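The values are calculated or read from the model by the stated rules, or taken from the named source; none is laboratory data. Note that the structure is a prediction, hence the values are computed from the model and not measured. No Cβ is skipped: glycine too gets one built from the backbone with ideal geometry, and neighbour counts run over all protein chains shown.
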Ligand code: ATP
């Protein structure tokens, strides 16, 4: 079984406080995984380590068996609050992305995706709604045709309709593909119907990890049905 993300004794600290501690994780390739935990649990820290944006202070993390920084071309990342260049249009961002990621960038796919959603390509991204901006960030991450797609609380600040539309777009995009997805949320309820793998973080530690069907009941027993809400 190929592992998309593998962490061993992984730790990260800020000053003297550990944001993530002794994290063990084996995420099989092809899974749609939810990374769930209350605010401050360490979700962003784990995702940043997996995408190579920060370095571990203990242990190691591997993506497809390698250091994340050596497989950056294979990783798509949607950061929390989608910090896009707000003065640029979606069309411009797609073109810029193509220049940065020549190898596999699919400009046509990204344009089509946004057109299907009715997102104006020539309006500055800063003038779009939060839901539309999130869709632009997703389209840009998918244009890279990543083998691993990491998303940090992409729906946390969206209204219920935009949340649904985002999850539909994400699931539609990765259905029948081999892309592995790891998507964080502080609400399990947002993801339990769409994800087939679960990683539960609480107080800087991995509390549960495994296939959803096996773990959902255990998670409910541990932290309640609406953890973090
Ligand atoms: P949220 O849902 O609020 O984004 P999270 O689960 O993503 O939470 P992290 O952002 O990974 O959690 O934070 C884990 C812990 O590390 C928190 O206690 C946070 O305050 C701390 N932390 C994160 N980044 C830094 C930093 N740059 N400097 C100092 N402490 C930090």
Step by step: first the residues of region 143-160, then only those that are under 19 Å from residue 105 (Cα atoms) and more than 13 Å from the chain's Cα centre (by Cα), then the one that is nearest to the ligand (Cβ to nearest atom). Which residue is that?
144
Residue 140 vs (1) assigned to a helix (DSSP H, G or I); (2) surrounded by fewer than 21 Cβ atoms within 10 Å (Cβ to Cβ); (3) within 14 Å of the chain's Cα centre (by Cα): all pass except (2)
If I filter region 190-228 down to residues being modelled with pLDDT of 80 or more, outside any strand (DSSP E or B) and over 12 Å from residue 34 (Cβ atoms), which single residue comes out as farthest from the chain's Cα centre (by Cα)?
203
Looking only at region 167-189, decide whether some residue is part of a helix (DSSP H, G or I), closer than 19 Å to residue 32 by Cβ, within 16 Å of the ligand (Cβ to nearest atom) and under 18 Å from the mean Cα position of the chain (by Cα).
yes
Filter region 89-122 down to the residues that are more than 21 Å from the chain's Cα centre (by Cα), in a loop (DSSP other than H, G, I, E, B) and surrounded by fewer than 16 Cβ atoms within 10 Å (Cβ to Cβ) and list them by number.
102, 103, 118, 120, 121, 122
For region 169-188, check the following and say yes or no: at least one residue is surrounded by fewer than 22 Cβ atoms within 10 Å (Cβ to Cβ), closer than 18 Å to residue 223 by Cα and at pLDDT below 95.
yes
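Residues being under 23 Å from residue 181 (Cα atoms) and either at pLDDT 95 or above or touching a helix residue (DSSP H, G or I) at 6+ places or on another chain (Cβ under 7 Å) (or both): count how many of those fall in region 105-131.
Of all residues in region 105-131, those under 23 Å from residue 181 (Cα atoms) come to 105-114, 116-117, 130-131.
Remaining after also requiring either at pLDDT 95 or above or touching a helix residue (DSSP H, G or I) at 6+ places or on another chain (Cβ under 7 Å) (or both): 105-107, 109-111, 113-114, 117, 130-131.
Within region 105-131, residues that are under 23 Å from residue 181 (Cα atoms) and either at pLDDT 95 or above or touching a helix residue (DSSP H, G or I) at 6+ places or on another chain (Cβ under 7 Å) (or both) number 11.
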Give me the residue from region 143-166 that is under 15 Å from residue 191 (Cβ atoms) and assigned to a loop (DSSP other than H, G, I, E, B) and, out of that set, modelled with the highest pLDDT.
152
Test set (1) under 14 Å from the mean Cα position of the chain (by Cα); (2) surrounded by fewer than 22 Cβ atoms within 10 Å (Cβ to Cβ); (3) farther than 20 Å from residue 62 by Cα - residue 164 fails condition number
(1)
Top-ranked residue of region 12-37 - restricted to ones that are surrounded by fewer than 19 Cβ atoms within 10 Å (Cβ to Cβ) and within 12 Å of residue 206 (Cα to Cα), ranked as farthest from the ligand (Cβ to nearest atom)
26
Quickly run through region 74-88 and pick out the residues that are away from the ligand (no atom under 16 Å from the Cβ) and surrounded by 14 or more Cβ atoms within 10 Å (Cβ to Cβ).
74, 75, 76, 84, 88
Name the residue that is nearest to the ligand (Cβ to nearest atom), counting only residues in region 49-68 that are surrounded by fewer than 21 Cβ atoms within 10 Å (Cβ to Cβ) and under 20 Å from residue 205 (Cβ atoms).
54
